[in-house]
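K.L.:
Have a look at this one.
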Amino acid sequence: MHLPNFRLFLPALLLVGCSSAPPPPSVATPPSEPEPAPRLTEIFPDKVRPQITALRADPGELARSFVDDYQRQALYSGQHAATLAREYRFRENRWSTQQDRLMMVFDNDRGDTGFVAWSLSRNATATSLRIQDTKIGQRFALVLRPARLCFAIGAAQAPSWSTGRWAYDPNRPGSFECNGLTNSSAFKSGTRLPALLGAYFSEGDAVLMFDSRDQRDAIAGVLAQLFPYLIFSPR
């Protein structure tokens, strides 16, 4: 009886071992993403210095200054102010009987009417603020209370004051964008404005936001001349 020759099997076993699949490589676990830094917002009352350039202001100059400045600010979402600045010319101011509501009336070459509609109570206040925020940077604000501000374009004619209210053209009153009771539509999404202002804002305020203190003070001067009863705080 012959015993098996194990020396013949040894090379075969070695070959089988070499031909088997290698173990899978270890996969490194990617480092976890750092948690995003929380958004930080600080709000400070900021002394306002309304810039008044003339004892008797030209209504057209005031209207153009306001519209031009408003449409330049980066945080607003509407387009009507830019359309008024680019395509319309100031014609006249129309006032309510109590001088607490104002229509800045504009016309264009096609015969359309546009306007900036103000409603500003005779006990209105303008609170001046400086905002320091990690998302929108440093901004300056005027919070008008109680107030309503609308921009309109494409109307057939300007509204007229009648029996305690504005009477609009019944067929083509215009397309409106408002900053007041509908404040949430005035600013771009993601800014959290005007709710970002916390206790400084309440529904029914009109919030004007500026890139610089000089821009804010210039428009404060426009408002001071249009509405002499407006109280600025702090001052």
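A short reminder: the numbers here are calculations on the coordinates, not readings from a lab. Note that the coordinates shown come from a computational prediction; the quantities given were computed from them, not determined experimentally. All Cβ positions, even for glycine, are placed from backbone atoms using ideal geometry, and neighbour counts span all protein chains on display.
K.L.:
Using 0.36 nm times the number of residues separating residue 86 and residue 195, minus their current alpha carbon distance, what extension gain do you get?
P.N.:
Working it through step by step, the gained length comes to 36.2 nm.
K.L.:
Assuming R0 = 22 Å, can you tell me the calculated FRET efficiency for the pair residue 161 and residue 51, based on Cβ-Cβ distance, to the nearest 0.05? Numbers along the way, then the final one.
P.N.:
Values: r = 30 Å, r/R0 = 1.35.
Between residue 161 and residue 51 the formula returns 0.15.
K.L.:
Separate question: Could you give the nm distance between label points at residue 134 and residue 212, where each point is 7 Å from its Cα heading toward the beta carbon?
P.N.:
The modelled label-to-label distance comes out at 2.8 nm.
K.L.:
I've got another one for you. Please arrange 187, 44 by how many other C-beta atoms lie within 10 Å of their C-beta, fewest to most.
P.N.:
Fewest to most other Cβ atoms nearby, the residues stand as 44, 187.
K.L.:
Still on this model: Under a plain spin-label model, where a point goes 7 Å from the Cα along Cα-to-Cβ, how far apart in nm are residue 203 and residue 175?
P.N.:
2.7
K.L.:
Report the relative contact order of the stretch 145-235, percent, no decimals, based on alpha-carbon pairs under 8 angstrom and at least 6 residues apart.
P.N.:
The value is 26 percent.
K.L.:
If R₀ is 41 angstrom, what is the calculated FRET efficiency for the pair residue 75 and residue 35, using the beta carbon separation as r and rounding to 0.05?
P.N.:
After rounding, the FRET efficiency stands at 0.95.
K.L.:
Would you mind ranking 61, 35, 177 by Cβ crowding within 10 Å, fewest neighbours first?
P.N.:
With the fewest neighbours first, 61, 35, 177 line up as 35, 61, 177.
K.L.:
In addition: Taking R0 as 22 Å, what FRET efficiency do you get between residue 100 and residue 235 from their Cβ-Cβ distance, rounded to the nearest 0.05?
P.N.:
Using R0 = 22 Å, I get an efficiency of 0.55.
K.L.:
Let me ask you something else. Would you pull out the residues with amide H under 5 Å of residue 77's amide H, same chain only if 5 or more places away, H placed 1.01 Å from N?
P.N.:
187, 188
K.L.:
Would you mind putting 205-213, 159-167 in packing order, based on average other-beta-carbon counts within 10 Å, highest first?
P.N.:
Numbers: 205-213: 21.2, 159-167: 11.8.
Ranking the peptides 205-213, 159-167 by packing returns 205-213, 159-167.
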